[in-house]
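Inspection log for the structure reproduced underneath, given as structure tokens.
The values are calculated or read from the model by the stated rules, or taken from the named source; none is laboratory data. These figures come from a predicted structure and were not determined experimentally. Note that we place each Cβ from the backbone using ideal geometry, even for glycine, and neighbour counts take in every protein chain shown. Note: accessible area is taken over every heavy atom of the protein model, side chains too, but ligands, DNA and RNA are not part of it. Shrake-Rupley method; radii C 1.70, N 1.55, O 1.52, S 1.80 Å.
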Amino acid sequence: MSELLFIRHAETDMAGTFCGQSDPDLNTRGHAQLSELINRLRKEQIGVVYTSDLLRARATAKAIAKAFGVKWHVRPALREISFGRWEGIRWEEIERRDQAYALRWIADYPRLAAPGGENWDDFERRVLEEVKFLSLEAEACGCQVAVVTHAGVLRTLLCALHGYSEDRAWEQTRSYCSAIRHGSAVSCSVQTVAARS
């Protein structure tokens, strides 16, 4: 059975802020996580790597592809959701700026977009269409496909295709380099491939 291994990128200096389509590189801790990730992936049989076009994902994907001696391909549809005017800001600052909207956003999460951000339905549709494409690619190559992406993409996969609650999906994907195995039979398992710190 062909398998998609979805992997969250390693850490950046924007950790702790809303980092959707901002484009930071990995930080020192992220590079350490990446080394740990590759060591833990050694038992895998990765045949090809796909990645978001954002730098933090590309850096993670490039290292995985190099370790396995395989090709890697950029797929912009694997980008994180855009948080608009909240990009690069911590939650405490958002609450100070507009507490009423912050409360509405929490109550309606994930359906209410951040100010100037991407609409959730558009994001979810983009992600699910990309999962279909990648599943076909995995079937065509008959190999394990690594997909380097972002926490929001992983959460969408868990909630929309595997019935996870938002809270459970958030808990399972908050660690950098966490991974989800998604099989062609729509089976699923979640693991932390590398520690958050």
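Computed from backbone phi, the HN-Hα couplings of the stretch 78-91 come to 8, 4, 5, 5, 7, 9, x, 6, 8, 4, x, 10, 7, 4 Hz, rounded to whole numbers (Karplus: 6.51 cos²θ - 1.76 cosθ + 1.60, θ = phi - 60°; Gly and Pro given as x). Only protein heavy atoms count here; under a 1.4 Å probe, His73 has an accessible surface of about 70 Å².
Among the trypsin sites (Lys or Arg not before Pro) in the stretch 55-161, those placed in a DSSP loop whose Cβ has at most 15 other Cβ atoms within 10 Å are Lys71, Arg90, Arg111. Placing pseudo-labels 7 Å out from each Cα toward the beta carbon at Ala100 and Asp23 gives an inter-label distance of 3.6 nm.
Report the antiparallel proportion of the DSSP beta bridges in the chain as a percent, rounded to a multiple of 5. Don't skip to the end; give the middle numbers.
Values: 11 of 25 bridges.
In the chain, approximately 45 percent of DSSP beta bridges are antiparallel ones.
Between Tyr50 and His73, Ala146, Val147, Val148, the built amide H atoms are under 5 Å apart, and every one of these is 5 or more places off in sequence or on another chain. For the stretch 12-97, the alpha-carbon radius of gyration amounts to 1.25 times the rule-of-thumb value 2.2 N^0.38 Å expected for a compact globular protein. From helices alone, the chain scores -14000 deg cm²/dmol at 222 nm; the rule is -39500 (n - 2.57) for each run of n ≥ 4 DSSP H residues, then divide by the residue total. For the chain, carbon and sulfur atoms together expose 48% of the accessible surface, with a 1.4 angstrom probe and every protein chain in place. Taken one residue at a time, the phi angles of the stretch 145-155 give Karplus couplings (6.51, -1.76, 1.60, θ = phi - 60°) of 10, 8, 10, 9, 8, 10, 4, x, 5, 4, 5 Hz. Gly and Pro are set to x. Given a 1.4 Å probe and the protein chains as shown, Ser165 ends up with an accessible area of around 60 Å².
Give me the compactness ratio for the stretch 143-187, meaning the Cα radius of gyration over 2.2 N^0.38 Å. Before the final figure, lay out the partial values.
Working: Rg = 10.3 Å, N = 45, 2.2 N^0.38 = 9.3 Å.
Ratio of Cα Rg to 2.2 N^0.38 Å: 1.10.
Of the Cα atoms belonging to the chain, the radius of gyration and Dmax stand at 16.2, 51 Å.
Karplus-based coupling profile of the stretch 106-115, in residue order and whole Hz: 5, 5, 9, 4, x, 6, 8, 6, 5, x, with θ = phi - 60° in 6.51 cos²θ - 1.76 cosθ + 1.60 and x standing for Gly or Pro.
Amide H to amide H distances under 5 Å link Ser2 with Ser184, where only residues 5 or more positions off or on other chains count and H is placed in the peptide plane. Spacing of the modelled spin labels on Leu112 and Arg181, each 7 Å from Cα toward Cβ, amounts to 3.9 nm.
At a probe radius of 1.4 angstrom, the accessible area of the chain per residue rounds to 47 square angstrom.
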